[in-house]
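The numbers here are math on the coordinates, done by the rules we state, and not lab data. The model shown is predicted, which means the values in this text are computed figures rather than measured ones. Neighbour counts run over all protein chains shown; Cβ positions are idealised from the backbone, glycine included.
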């Protein structure tokens, strides 16, 4: 079975008082252990990706951190305070939540009325609540639908309204659970930009996702969950480095694969290796790069060696390879 040893590759993680600190969280549902001694530490201003496949325990951990589910063991602190001692009103002021499946919007009233209602729950006076609600509707591209009943919104629009609600009070701790799952690329990028702006202003963000493409260039540090266990803690580049080599399929203009392999490997030197893909395909070969090598350097080396590269594609992204390696059950 897969090892439950945590791969910690971030000894230089920031120090100080974390905005969120979950320690040794265990959560059981009958005989099923959803979380087993899971810890998570997120600093102010940090976007921390909580990465894992369906059933890994991401949503359960978010619910425990929010006080929506009680842990069987472990503790949670928000901004230095024990979560168990916080009132629900105090918690609402400290955290914002974009849930994976949101059934808490009121469908018969407008998007604006929804946001004003929730802003009032945060303690805002009505004029401030209306002003903040309208501003967030503009931010999420929903201004034209502000006065329409939410029942007329598409699923993606309802998701954006949920994001707007979470950002109403600029919470110091923000949980985002699969926020962009049903959004088109433009809307997803808009949500990421808004969340990044909150982090830049000092908010601690937990970004729970199974979409690997979201975290590159967005999250600072990553915790990978698999079957309720922590598999990895570190930075995104460190996660990418878990896989030993980058692999590409390269389309070449050459009638002689054997000659290309000899010439190509001589040209690449220590950057990597060209290998045959087998079969009768004479135009495509595999390219495995060493950890320090880059695709651009390899293409330049091949071109200078007299080999014409027509196209190339990544066999599997570094993050995807690392993700599968860490979370897939297999014999080791």
Exercise for review: With a/c under 1.5 counting as rounded, go ahead and sort segment 145-197 into rounded, prolate or oblate using the C-alpha gyration tensor (a ≥ b ≥ c being the square roots of the eigenvalues; past the cut-off, prolate if a/b is larger than b/c, else oblate).
Suggested key: oblate
Exercise for review: Can you tell me the FRET efficiency between residue 283 and residue 303 if r is taken as the Cβ-Cβ distance and R0 is 22 Å, rounded to the nearest 0.05?
Suggested key: 0.85
Practice item. Over the Cα atoms of segment 7-240, compute the convex hull volume and normalise it per residue, giving Å³. Key: 122 Å³
Review point. Quick one: if you stick a label point 7 Å off each Cα along the C-beta vector at residue 151 and residue 181, how many nm between them?
Key: 2.5 nm
